[in-house]
Amino acid sequence: MTRTGVAMLAFALAVPSVALGQNPVTKSNTVRGSATIQAIDSTTRMVTLRTKDGEEDTFRVGSDVKRFNELKVGDTVNFTYVESMVVQVRKPGASAPAGTSGDAAITPSSGKTPGATMSAQAHTTVTVKAIHPEVPSVTVVTDDGRTVTRKIENKKNLEGYKVGDKVDITYTVAMLMTVEPAK
């Protein structure tokens, strides 16, 4: 199991288990923000951004960004970051969902100003090997055969799980970025 898979498992087990029967449980988080372009180095493709709070950071803009030359100092970069997780207990004998893991996809904006949507999705299935309510923790076997034990913050999140359950976890991240010209 990759680091992403372990993170997915930890996040999944933090999801309240009230509806862990046959219905999938979905948890998502959205963060919005903006920053102003302070500096652009066209040779190295480095852009320095400053938030409203005065925090600055410099980023390298990859060559896959085709409208880099349209960025100007003073432009505002708006972003929306979304991460979501769908967790569903699959009883023994039930069929697995189709694979969804893959490389990140970038879709450039066709609007008047530069922008893009980037997204990636990963899927993993683990099998519950043991449940330790006294700790509380759960031990699972990953799809590549490794045994992993993770502590659970809230003991109630173990309710509804049984040894032998297959737990399907789909983790999706997406970032939408748009640029507004300086006023």
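Throughout, read-outs are computed from the coordinates displayed, never taken from laboratory work. Computed from a predicted model, the values in this text were never measured in an experiment. Virtual Cβ from ideal backbone geometry, glycine too; neighbours counted across all protein chains shown.
Only lysines eight or more places from LYS52 in sequence, or on another chain, were considered; those with a Cα closer than 17 Å are LYS183.
Compute the Rg to Rh ratio over segment 99-171 from the alpha carbon atoms, using the Kirkwood formula for Rh, and round to two decimal places. Across segment 99-171, the Cα-based Rg/Rh ratio is 1.23.
Computed from label points 7 Å out along Cα-Cβ, the spacing between ARG67 and SER137 is 5.0 nm. The fewest-to-most ranking of ARG150, ARG60, ARG67 by surrounding Cβ atoms within 10 Å reads ARG60, ARG67, ARG150. Wrap a convex hull around the Cα atoms of segment 134-183, take a quarter of its surface area, and give that in square nanometres. Directional mean of the projected Cα hull area for segment 134-183 stands at 6.9 nm². Counting every C-alpha pair in segment 29-183, the share spaced more than 29 angstrom apart comes to 42%. How charged is the neighbourhood of VAL31? Take every other residue with its Cβ under 15 Å from the Cβ of VAL31, and add Lys/Arg as +1 and Asp/Glu as -1. The answer is 0.
Within the shell of other residues whose beta carbon sits under 12 angstrom from the beta carbon of LYS112, the net charge comes to -1, with Lys and Arg scored +1 and Asp and Glu -1. Label-to-label distance, SER84 versus VAL148, with points set 7 angstrom from Cα along the beta-carbon direction: 2.2 nm. Convex hull of alpha carbon positions in segment 37-91: directionally averaged projected area 6.2 nm².
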